[in-house]
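*Asks:* Mind looking over this structure? Questions follow.
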Amino acid sequence: MFRKHLRHISRYREIASILASQGFGYLIEETDIIEKIPYHEHLRVKFSSASSSDLGERICTALQELGPTYIKLGQMASTRQDLLPHAITIQLEKLQDDVAPFSFDEVQALIKAELGDDLEKIFPSFDPTPLATASIGQVHLAQLKSGERVAVKLQRPGIIEKIETDLEILFDIATAAENRLQWAKDYQLVDIIDEFSNALLKELDYAVEGRNAEKMRLQLKKEGEIHIPQIYWEYSSKKILTMEFISGIKVNQIETLKEQGLDCAIIAKRFAENIFQQIFINGCFHGDPHPGNVLVLPDNVLAFLDFGMTGHLSSEMKRSLSSLLIGFKRNDTNELLRAVLRIGIVPVEIDTTQLKNDIELFRDTYYGLPLSKISIHEAINQFFAIARKHSIRIPADLILVCKSLLTVEGIVKRLDTNLSLVNIIEPFSHQLLLERLHPGAIAESVWNIASDFSEIIEQVPQDIRSLRGLIRHGHLQVRLSLADANTLFKQLAQLSNRISVSIILLAFSILMGSIIISFSIMGKPSALWNLPVIEAGICIAFIMFLWVLYAIFRSGKL
């Protein structure tokens, strides 16, 4: 525990120095994080040394110097145009995590520790020079005893501990920022860091990546034009992933593709259709289909690699997404508004009228345009701008959808300038609509609603008991504004008067009934019998009944 505390102090000092050098020292000052750093007075000298370069460039430089955790978080943040201005996300997209490879001795030690045997006994052939290197891990070419060529992905030693330390510090900074800075509270900075952290920790577990690849392989096994590498689980763990080695041409190497006699138009259409199939139909999709992760094989077959970033859409999210597409196609502002409110995490104080106006402006921008002239990139950027303006947080998986669409559009434009993604996406929107109107889907929706109501009804007795307990112990608090107090008091007085009249009428009716019954039992007239007591009482009761009934109807609240 003490060593961990020392490691945190050292890292705090390093973070503070780097932020100060790029002009962000005020973040450490204003959140009081600096108080956790011994001898922090010496750091304050650097806090005034702000760079004159562009804000986005300074953010990128700081993240680059802060190391792997911050580089990965910056790369994830580059997709969050619902949170950050476009000028900053453009700079974040340039972040690179190329680092020197770790040593072959460390490779051998990792394989021994994770797979329980020496490298030579598992892989008869193993290239010590990595094919690719990144901040989290590196990939080596190897061969199994059975003769298959495989790519072995190895996690960088000690990277988990470094990232966990950085994430703990990030949570401290985000929590302090929310307590002291209004913008951090408005953006729910802790929740954002939590979302990014979960995504990053998933990337650190190679078993998750392997399962994603297997799931994708199962979903696309009937697609002859798509290839997903096989995972060799007996040679894999959380820190090692052994998969089929695939050699091909990167999808953006246009000249090489043409030299090999491959058809760029077919590749573009196949690439776009398959991504849309993954997103809108399967609900499980590749979250980072950049050119390095998509290879072209003979016969225009596409191979997808690296499933560390994979998105998953629930049935509800797919329905909301279909509403968005259908509303856009039908030029229906109300449908678009409902879809946006269902999709995003909406602040309580949102101005729905202004949001609707912004959506109408967004809709009118593309109304009447031919599908081939609509740019998905521009449409998504405008959508994110609306979300950012109204502080609507878009779910991470929907962000991945947008990121995938932007990547696909960029690649498709290079492969075939005549192909419109909107034309390709339209049939999938129709299919989504048919799925939503399918009797089975409707029955499932009704069942879910009924289940929700059932749970609410089951919870009512418990809620009543809890409310009774609060009242009994005097813990129930009711807040009233002065503007509404007089109205409430009038209504309470009116209600109490009506209850009093009703009780009197009931008591009078009971009394008259008792008199009639007693006289009938006695069988003889009383001193009052010669007077029309009963008749008069019945008339009075009937008049009172009519008066109460009239008052209730007049109030309009029967």
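*Asks:* Cβ-Cβ distance below 7 Å, separation of 6 or more or different chains: which pairs start in the stretch 223-250 with a residue that is among the small types (G, A, S) and end on one that is outside any helix (DSSP H, G or I)?
*Replies:* From residues that are among the small types (G, A, S), the pairs are S236/T242; G248/L295; G248/V296; G248/L297; G248/A303.
*Asks:* Would you check if G224 is at positive phi and surrounded by fewer than 17 Cβ atoms within 10 Å (Cβ to Cβ)?
*Replies:* For G224, the condition - at positive phi and surrounded by fewer than 17 Cβ atoms within 10 Å (Cβ to Cβ) - is not met.
*Asks:* Can you say whether I386 is β-branched (V, I, T), under 21 Å from the mean Cα position of the chain (by Cα), in a helix (DSSP H, G or I) and under 27 Å from T417 (Cβ atoms), as far as the supplied structure shows?
*Replies:* So I386 fails the test.
*Asks:* Also, I was wondering about something else. Hey, L336 hits all of (1) hydrophobic (A, V, I, L, M, F, W, C); (2) touching a helix residue (DSSP H, G or I) at 6+ places or on another chain (Cβ under 8 Å); (3) within 29 Å of S197 (Cα to Cα) but one; which does it fall short on?
*Replies:* With respect to (1) hydrophobic (A, V, I, L, M, F, W, C); (2) touching a helix residue (DSSP H, G or I) at 6+ places or on another chain (Cβ under 8 Å); (3) within 29 Å of S197 (Cα to Cα), L336 is out only on (3).
*Asks:* Give the number of residues within the stretch 137-169 that are part of a helix (DSSP H, G or I) and either free of Cβ contacts under 8 Å to residues at least 60 places away in the same chain or among the β-branched types (V, I, T) (or both).
*Replies:* 7
*Asks:* Hey, could you check the stretch 227-265 for residues that are exposed (fewer than 15 other Cβ atoms within 10 Å of the Cβ) and either assigned to a helix (DSSP H, G or I) or of a type in the set (D, E) (or both) and say which is nearest to the chain's Cα centre (by Cα)?
*Replies:* Filtering the stretch 227-265 for residues that are exposed (fewer than 15 other Cβ atoms within 10 Å of the Cβ) and either assigned to a helix (DSSP H, G or I) or of a type in the set (D, E) (or both), the one nearest to the chain's Cα centre (by Cα) comes out as W233.
*Asks:* Okay, moving on. Just checking, which of V348, V301, V294 is of a type in the set (A, V, I, L, M, F, W, C), assigned by TED's automatic domain parsing to the domain that holds Y366 and surrounded by fewer than 17 Cβ atoms within 10 Å (Cβ to Cβ)?
*Replies:* V348
*Asks:* Name the single residue, out of those in the stretch 71-90 being of a type in the set (A, V, I, L, M, F, W, C) and part of a loop (DSSP other than H, G, I, E, B), that is modelled with the lowest pLDDT.
*Replies:* The selected residue is L83.
*Asks:* What about S429, is it among the hydroxyl-bearing types (S, T, Y), in a helix (DSSP H, G or I), at pLDDT below 75 and exposed (fewer than 15 other Cβ atoms within 10 Å of the Cβ)?
*Replies:* Here the answer is no, as S429 does not meet what is asked.
*Asks:* Continuing with this model, one more query. Could you tell me whether V340 is aliphatic (A, V, I, L, M), crowded, with 21+ Cβ neighbours inside 10 Å, part of a helix (DSSP H, G or I) and in the same structural domain as D263 (by TED's automatic domain parsing)?
*Replies:* yes
*Asks:* Something else: Only one of I159, I169, I163 is surrounded by 13 or more Cβ atoms within 10 Å (Cβ to Cβ) and closer than 12 Å to K239 by Cα. Can you tell me which?
*Replies:* Of the residues listed, the single one that is surrounded by 13 or more Cβ atoms within 10 Å (Cβ to Cβ) and closer than 12 Å to K239 by Cα is I159.
The values are calculated or read from the model by the stated rules, or taken from the named source; none is laboratory data. Fair warning: this is a prediction, and the values are worked out from it, not measured in the lab. Cβ coordinates were reconstructed from backbone atoms using ideal geometry, including for glycine residues, and neighbour counts include every protein chain displayed.
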